[in-house]
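The block underneath contains the structure these notes are about, expressed in structure tokens.
The values are calculated or read from the model by the stated rules, or taken from the named source; none is laboratory data. Computed from a predicted model, the values in this text were never measured in an experiment. Here Cβ is always computed from backbone atoms with ideal geometry, including for glycine, and neighbour counts include all displayed protein chains.
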Amino acid sequence: MSKKKKEIKLSELTPEEQLKYEVAEELGLLPRVLEEGWKSLSSKETGKIGGMVNQRKKKLNQEIR
């Protein structure tokens, strides 16, 4: 059986999802995510993305205050 590729419209993502994709792009992982999905990443790679997303969220929250 073949899996259908789910097309991702970056303009229709929530701000949190956009941030996740931005971080993946900065780490050079976005092409693989778009081609094979998030499941293709290792736990180390997803952890790095999650850590960077959290750092940015904290920074944004501090700037708002």
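Before we move on, is Gly37 modelled with pLDDT under 95 and either in contact with a strand residue (DSSP E or B) (Cβ under 7 Å, 6 or more places away or on another chain) or under 23 Å from Ile8 (Cα atoms) (or both)? Give the steps one after another, and end with the answer.
Values: modelled with pLDDT under 95: yes; either in contact with a strand residue (DSSP E or B) (Cβ under 7 Å, 6 or more places away or on another chain) or under 23 Å from Ile8 (Cα atoms) (or both): yes.
Yes.
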Filtered residue count, the stretch 37-65, keeping only those that are surrounded by 10 or more Cβ atoms within 10 Å (Cβ to Cβ) and within 13 Å of the chain's Cα centre (by Cα): 15
